[in-house]
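Chemist: Attaching a single structure in structure tokens format; questions to follow.
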There are 2 protein chains.
Amino acid sequence: MTVPPGVVRLPRVTLAGQVAGAMRDAVLSGVFPPGQQMNEAELAGRFEVSRGPVREAMQRLVQEGLLVSHPHRGVFVVRLSEADLADVYLARSAIESTALRRIADLPDREPLAGHLAAAVAGMAAAVAVADWADVADSDLAFHRALVDAAGSPRLSRMYETVQAETRLSFQHLMSGYRSSAELVDEHRRLAALATGGDLQAALVELARHLADPVRILRRIGAAAGDPGAP
Amino acid sequence: MTVPPGVVRLPRVTLAGQVAGAMRDAVLSGVFPPGQQMNEAELAGRFEVSRGPVREAMQRLVQEGLLVSHPHRGVFVVRLSEADLADVYLARSAIESTALRRIADLPDREPLAGHLAAAVAGMAAAVAVADWADVADSDLAFHRALVDAAGSPRLSRMYETVQAETRLSFQHLMSGYRSSAELVDEHRRLAALATGGDLQAALVELARHLADPVRILRRIGAAAGDPGAP
DNA sequence: CCGTGAGCGATTGTCAACAATCCTACGATC
DNA sequence: GATCGTAGGATTGTTGACAATCGCTCACGG
């Protein structure tokens with residue numbers, strides 16, 4: 001019997017892996033408030049598994065920066081301060097600007113342009129109906145496409161962590177997105193520059209986009225519910 | 001009773017944490033060859049602990065990129081290819097160049113200059129006696145000081161992972177250091193530029209220092225045991 | 001000879017129980 | 001009232017046993 005193409009090895013799934021995914025989603029969607037203790041026994045009961053896989057899952061999220069572990073005292077949802085937000089943006093800037101440098105050398109930037117355009121279109125549609133969660137998703141998908149286009153496993157892996165923290169800080173520090181066409185235009189401009197071949201202009205635009213947290217924090221102060229771009 | 005200053009909360013230590021540290025050291029020092037399976041039961045016996053803490057320790061190293069886990073099949077020491085090495089250098093470049101930008105804004109760069117000078121002195125002494133392990137340690141300490149001086153927890157955390165991979169790829173892909181004063185001079189020059197206030201020159205020097213892997217790989221090909229700077 | 005299925009041993013994944021640690025509350029003493 | 005010591009409950013850390021999975025080998029049938 002010859003096996004037809006398309007038949008591939010099925011992914012192995014462990015309980016710990018599934019629990020980690022479910023917990024990651026729960027943390028990122030704000031189900032647990034900052035500083036909340038994650039009770040092993042209770043979570044194990046909810047998931048109907050033993051404490052072992054829950055422990056493993058939580059260790060993973062600790063390494064991802066979403067939870068923090070204090071030995072013998074428990075594991076807690078991180079409290080992200082404004083200083084943390086600033087640091088997240090610095091890390092994003094490091095990763096995304098390096099990605100832009102790689103993208104500038106790509107022989108074919110059309111696939112990336114397509115992905116960025118799709119994200120911008122999704123963002124515009126979400127802005128039109130004031131669906132803030134979708135705006136955030138599109139925004140993060142835009143930047144994720146940028147980093148992944150660099151073709152660097154390590155940049156992508158680092159960005160995964162930092163993007164989760166971006167989403168989390170958005171949950172904890174910000175209360176929503178402004179309904180503004182400026183946000184969409186900003187991304188449209190960045191997409192054009194990132195794929196247009198003018199690296200220096202793209203870097204300047206990215207730096208402006210991820211400008212220093214003082215500007216972002218000013219926005220928070222100036223208008224509640226007006227946090228700027230993640 | 002008033003407690004005198006200097007009396008601080010003692011760090012809590014778990015078996016899992018200790019096992020993780022010992023295993024990290026063993027992996028980084030080349031005790032386990034690339035692709036080696038890490039047998040839980042055997043390691044648990046060696047450490048005289050149960051398999052639980054060994055599992056937790058290994059999960060941590062998996063997240064750090066030193067081990068790779070295949071569910072139901074085991075955990076293995078990663079095999080780092082030349083493409084991996086190139087990617088590690090790209091990630092280092094992203095982090096270290098961002099650190100340089102932050103350092104350029106430091107009000108006082110003297111402490112960093114001191115740390116870099118100490119690392120260079122240690123490197124020179126190690127080169128003089130052809131102690132390759134010490135050369136590597138000094139080299140990595142130099143770059144670590146650079147990143148830590150940026151004062152960004154996330155840059156430092158990301159760098160920890162990438163530096164461990166640097167050390168590991170050094171173990172797996174390279175066979176030693178050349179005994180060369182050029183290496184020491186390179187670092188001395190980088191230290192001067194990093195703390196001297198000329199950001200552009202420092203960035204150019206860092207880029208040269210972490211030049212594209214093709215140059216490094218050429219060196220491997222040109223002279224066995226002559227891998228260039230990590 | 002080749003392909004398939006079954007069995008076995010080794011190893012990983014999970015479970016439940018016990019041990020250890022922490023925090024809080026309460027009582028005793030000064 | 002402040003401090004100290006103790007006990008108890010809740011939770012985390014670890015252990016050893018059982019369950020599940022995988023890879024390899026061997027036997028059988030076509």
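Chemist: Keeping to region B:35-50, report how many residues are near DNA strand C (Cβ under 6 Å from one of its atoms) and either in a loop (DSSP other than H, G, I, E, B) or exposed (fewer than 13 other Cβ atoms within 10 Å of the Cβ) (or both).
Modeler: 2
Chemist: Sticking with this structure for a sec: Evaluate the following for A:Asp137: is it within 14 Å of chain B (Cβ to nearest Cβ) and either without any contact (Cβ under 8 Å) to a residue 40 or more places away in the chain or crowded, with 17+ Cβ neighbours inside 10 Å (or both)? Full working, then the answer.
Modeler: On the way: within 14 Å of chain B (Cβ to nearest Cβ): no; either without any contact (Cβ under 8 Å) to a residue 40 or more places away in the chain or crowded, with 17+ Cβ neighbours inside 10 Å (or both): yes.
Judged against the criteria, A:Asp137 is not a match.
To keep it simple, each residue is scored yes or no on (1) within 12 Å of another protein chain (Cβ to nearest Cβ); (2) at pLDDT 90 or above; (3) within 13 Å of DNA strand D (Cβ to nearest atom).
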residue	(1), (2), (3)
A:Leu10	yes, no, yes
A:Gly21	no, yes, no
A:Gly35	no, yes, no
A:Ala41	no, yes, yes
A:Arg55	yes, yes, yes
A:Arg92	yes, yes, no
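Chemist: Please verify whether region B:125-138 includes one or more residues that are in the same structural domain as B:Glu182 (by TED's automatic domain parsing), in contact with an Asp or Glu (Cβ under 8 Å, 6 or more places away or on another chain) and on the phi < 0 side of the Ramachandran plot.
Modeler: In the first step, residues of region B:125-138 are kept if they are in the same structural domain as B:Glu182 (by TED's automatic domain parsing); the result is B:125-138.
Narrowing the set further to residues that are in contact with an Asp or Glu (Cβ under 8 Å, 6 or more places away or on another chain) leaves B:125-126.
Okay, now just the ones that are also on the phi < 0 side of the Ramachandran plot, so B:125-126.
Scanning region B:125-138, I find at least one residue that is in the same structural domain as B:Glu182 (by TED's automatic domain parsing), in contact with an Asp or Glu (Cβ under 8 Å, 6 or more places away or on another chain) and on the phi < 0 side of the Ramachandran plot, so the answer is yes.
Chemist: Would region B:120-131 turn up any residue that is open to solvent by 50 Å² or more (accessible area, probe 1.4 Å) and touching a residue at least 24 places away in the same chain (Cβ under 8 Å)?
Modeler: Our first condition is that a residue be open to solvent by 50 Å² or more (accessible area, probe 1.4 Å); within region B:120-131, this holds for B:121, B:125, B:128-129, B:131.
Among the residues that remain, those that are also touching a residue at least 24 places away in the same chain (Cβ under 8 Å) are: none.
No, region B:120-131 has no match at all.
Chemist: Can I ask one more? What about B:Val75, is it within 15 Å of DNA strand D (Cβ to nearest atom), open to solvent by less than 10 Å² (accessible area, probe 1.4 Å), under 30 Å from A:Leu10 (Cβ atoms) and of a type in the set (Val, Ile, Thr)? Walk me through it before giving the result.
Modeler: Working: within 15 Å of DNA strand D (Cβ to nearest atom): yes; open to solvent by less than 10 Å² (accessible area, probe 1.4 Å): no; under 30 Å from A:Leu10 (Cβ atoms): yes; of a type in the set (Val, Ile, Thr): yes.
It is false that B:Val75 is within 15 Å of DNA strand D (Cβ to nearest atom), open to solvent by less than 10 Å² (accessible area, probe 1.4 Å), under 30 Å from A:Leu10 (Cβ atoms) and of a type in the set (Val, Ile, Thr).
Chemist: Could you list all residues from region A:51-81 that are basic (Lys, Arg) and within 15 Å of DNA strand C (Cβ to nearest atom)? Quick ask: steps written out before the conclusion?
Modeler: Quick first cut of region A:51-81, residues basic (Lys, Arg) only: A:51, A:55, A:60, A:73, A:79.
A:Arg51, A:Arg55, A:Arg60, A:Arg73, listed by residue number.
Chemist: Shifting gears a bit: Just need a number here: residues in region B:100-119 that are open to solvent by less than 20 Å² (accessible area, probe 1.4 Å) and within 14 Å of chain A (Cβ to nearest Cβ).
Modeler: First, the residues of region B:100-119 that are open to solvent by less than 20 Å² (accessible area, probe 1.4 Å): B:100, B:103, B:112, B:116, B:119.
Of the ones still in play, those that are also within 14 Å of chain A (Cβ to nearest Cβ) are B:100, B:103.
Summing the residues that are open to solvent by less than 20 Å² (accessible area, probe 1.4 Å) and within 14 Å of chain A (Cβ to nearest Cβ) in region B:100-119 gives 2.
Chemist: Among the residues of region B:15-30, are any open to solvent by 80 Å² or more (accessible area, probe 1.4 Å) and not in a helix (DSSP H, G or I)? Show your work before the answer.
Modeler: Let us first name the residues in region B:15-30 that are open to solvent by 80 Å² or more (accessible area, probe 1.4 Å), namely B:15, B:18, B:25.
From what is left, the residues that are not in a helix (DSSP H, G or I) are none.
Within region B:15-30, none of the residues are open to solvent by 80 Å² or more (accessible area, probe 1.4 Å) and not in a helix (DSSP H, G or I).
Chemist: Sort through A:Ser97, A:Ser169, A:Ser81 and tell me the only one that's open to solvent by 20 Å² or more (accessible area, probe 1.4 Å), farther than 21 Å from B:Ala91 by Cα and within 14 Å of chain B (Cβ to nearest Cβ).
Modeler: On the way: A:Ser97 fails: farther than 21 Å from B:Ala91 by Cα; A:Ser169 fails: open to solvent by 20 Å² or more (accessible area, probe 1.4 Å).
Answer to the selection: A:Ser81.
The values are calculated or read from the model by the stated rules, or taken from the named source; none is laboratory data. Predicted, not measured: the structure shown is a model, and the values here were computed from it. Here the Cβ is made from the backbone with ideal geometry for all residues, glycine too, and neighbour counts use every protein chain on show. The accessibility values were calculated without ligands, DNA or RNA, using every heavy atom of the protein model including side chains. Shrake-Rupley method; radii C 1.70, N 1.55, O 1.52, S 1.80 Å.
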